[in-house]
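Colleague: The structure that follows is given in the form of structure tokens.
The values are calculated or read from the model by the stated rules, or taken from the named source; none is laboratory data. Quick caveat: nothing in here was measured; it's all calculated off a predicted structure. Neighbour counts are summed over all protein chains in view; Cβ atoms, including those assigned to glycine, are modelled from backbone coordinates with ideal geometry.
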């Protein structure tokens, strides 16, 4: 075993050569990393500077969901995903609800936050006395940093002292609230927090021969329960027709509600239920250059806010009306990050008619609710595998290197038959024996 230094200084070809010498990947496969390089030098530079130790691009399919109506506005929504049934499921639900008035959505607040974590070895009562006096100094220290954001009615909206000394000796937090407009704002938030931390460390009120501030860390929080979107679909029970002919409207609605209630009772079901929501949300976030990891972490924490992990959606059936609702925190941005440099992200934003951050939150939430609705509607009627595996059939045929003739025969045969990898494999082998 050898330790390499300076790998990041290699150019791309040198990195690939090193991998060829120190892995079991064939040279021909190493060269395949050239297949997905950017078409021109400028785009290649953009991609290569996004991450450390760049060796190439990893393509993921991008498709679109049509017929999505949100607050009476129609959208074509790009999805980036590798799961074959996601776009089909969202499209089916989008069309179904377009015929019933579409999706409704609203964003009440877009507050994000960060924290300065620090130790102070003085009397906690004294800290609470001092904090109102120093609060203004901490805020004023960031004025140069927040000037442009404040001109856009953003910036820092609050500072709060949180005393954790009962849980950890001498430990406090300063919880800072932000509004960042159409930017996700991570870099802005972290810069402000570090400035507050520096000011805190140097304040005479807290630092003396007996007492001193020790900064632990300054970092934004990806838990943003006050940056939240609510999205719902609603229609009279009598209009819940057309998804499945075998269930009456009332039975469909009641089975649907029961399945959602189960997700609020059972963690095993809740995780899969919420994953179905993120099938749509992640696909939109990837397409628009947003951080799906931070968003998922926040949503799962939010799903546990009552001390038990639950589904993120609710069904109500009242006065012969069916309503399905999603409430979820989504801290998104339409400026900054890679939104202005990734060539496809720029195109996606144009397809979405250049939404602001608030509208993108609603688009993502509606996409998540559409995927989730489609999944549950299938689960309580035909089952999930019938449609999913038929969508997956092309992937199986690709794995088996099926010819055009084999594909045509297989697609025809499985129109009315259950699809599985083993059954398709046997069918292809029979074709090849006969041929």
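Colleague: For residues in the stretch 348-371 being over 21 Å from residue 278 (Cα atoms) and without any contact (Cβ under 8 Å) to a residue 60 or more places away in the chain, which is surrounded by the most Cβ atoms within 10 Å (Cβ to Cβ)?
Modeller: So the residue we want is 354.
Colleague: Right, next: Can you tell me which of (1) under 18 Å from the mean Cα position of the chain (by Cα); (2) closer than 24 Å to residue 262 by Cα is the one residue 336 doesn't meet?
Modeller: (2)
Colleague: Among the residues of the stretch 387-410, which ones are within 34 Å of the chain's Cα centre (by Cα) and modelled with pLDDT under 75? Outline the logic, then answer.
Modeller: Kept after step one, since they are within 34 Å of the chain's Cα centre (by Cα), are these residues of the stretch 387-410: 387-401.
The answer is 387, 388, 389, 390, 391, 392, 393, 394, 395.
Colleague: Sort through 275, 257 and tell me the only one that's in a helix (DSSP H, G or I) and without any contact (Cβ under 8 Å) to a residue 40 or more places away in the chain.
Modeller: It is 275.
Colleague: Considering the stretch 6-55 alone, what residues qualify as being within 26 Å of residue 340 (Cβ to Cβ), in contact with a helix residue (DSSP H, G or I) (Cβ under 7 Å, 6 or more places away or on another chain) and part of a loop (DSSP other than H, G, I, E, B)?
Modeller: Answer for the stretch 6-55, where residues must be within 26 Å of residue 340 (Cβ to Cβ), in contact with a helix residue (DSSP H, G or I) (Cβ under 7 Å, 6 or more places away or on another chain) and part of a loop (DSSP other than H, G, I, E, B): 37, 38, 52, 53, 54, 55.
Colleague: Could you check the stretch 231-254 and list, in sequence order, the residues that are in contact (Cβ under 8 Å) with a residue 60 or more places away in the chain and in a loop (DSSP other than H, G, I, E, B)?
Modeller: 240, 242, 243, 244, 246, 247
Colleague: Which of the residues belonging to the stretch 315-334 are more than 12 Å from residue 240 (Cβ to Cβ) and in contact (Cβ under 8 Å) with a residue 60 or more places away in the chain? So that I can check it myself, show each step before the final result.
Modeller: Here is the first cut: in the stretch 315-334, the ones more than 12 Å from residue 240 (Cβ to Cβ) are 316, 318-319, 325-334.
Once the filter is applied, which keeps residues that are more than 12 Å from residue 240 (Cβ to Cβ) and in contact (Cβ under 8 Å) with a residue 60 or more places away in the chain, the stretch 315-334 yields 325, 326, 327, 328, 329, 330, 331, 332, 333, 334.
Colleague: For the stretch 192-228, what are the residues that are free of Cβ contacts under 8 Å to residues at least 60 places away in the same chain and surrounded by 18 or more Cβ atoms within 10 Å (Cβ to Cβ)?
Modeller: 194, 195
Colleague: Report, by residue number, each residue of the stretch 124-153 that is part of a helix (DSSP H, G or I) and within 31 Å of the chain's Cα centre (by Cα). Break it down stepwise before answering.
Modeller: Our first condition is that a residue be part of a helix (DSSP H, G or I); within the stretch 124-153, this holds for 124-140, 143-151.
145, 146, 147, 148, 149, 150, 151, listed by residue number.
Colleague: Can you tell me which residue among 156, 196, 189 is touching a strand residue (DSSP E or B) at 6+ places or on another chain (Cβ under 8 Å), assigned by TED's automatic domain parsing to the domain that holds residue 127 and in a strand (DSSP E or B)?
Modeller: Values: 196 fails: in a strand (DSSP E or B); 189 fails: in a strand (DSSP E or B).
Among 156, 196, 189, only 156 is touching a strand residue (DSSP E or B) at 6+ places or on another chain (Cβ under 8 Å), assigned by TED's automatic domain parsing to the domain that holds residue 127 and in a strand (DSSP E or B).
Colleague: Would you check if residue 312 is at pLDDT 95 or above and closer than 16 Å to residue 182 by Cα? If you could, list the steps in order and put the result at the bottom.
Modeller: Values: at pLDDT 95 or above: yes; closer than 16 Å to residue 182 by Cα: no.
So residue 312 does not fit the description; no.
Colleague: I would also like to ask the following. Among the numbered conditions (1) under 26 Å from residue 58 (Cα atoms); (2) touching a helix residue (DSSP H, G or I) at 6+ places or on another chain (Cβ under 6 Å), tell me where residue 259 comes up short.
Modeller: Of the numbered conditions (1) under 26 Å from residue 58 (Cα atoms); (2) touching a helix residue (DSSP H, G or I) at 6+ places or on another chain (Cβ under 6 Å), the odd one out for residue 259 is (1).
Colleague: Kindly indicate whether any position in the stretch 35-52 is surrounded by 15 or more Cβ atoms within 10 Å (Cβ to Cβ) and modelled with pLDDT of 90 or more.
Modeller: No, the stretch 35-52 contains no residue that is surrounded by 15 or more Cβ atoms within 10 Å (Cβ to Cβ) and modelled with pLDDT of 90 or more.
Colleague: Does the stretch 355-373 include one or more residues that are at pLDDT 95 or above, under 29 Å from residue 264 (Cα atoms) and more than 17 Å from the chain's Cα centre (by Cα)? Please lay out each step first, then the result.
Modeller: Taking the stretch 355-373 as the starting set, the residues that turn out to be at pLDDT 95 or above are 355-373.
From what's left, under 29 Å from residue 264 (Cα atoms): 358-373.
Pick out the ones that are also more than 17 Å from the chain's Cα centre (by Cα) and you get 373.
Yes, some residue in the stretch 355-373 is at pLDDT 95 or above, under 29 Å from residue 264 (Cα atoms) and more than 17 Å from the chain's Cα centre (by Cα).
Colleague: Within the stretch 57-99, can you find the residues that are buried (at least 17 other Cβ atoms within 10 Å of the Cβ) and either on the phi > 0 side of the Ramachandran plot or assigned by TED's automatic domain parsing to the domain that holds residue 284 (or both)?
Modeller: Result: 67, single match.
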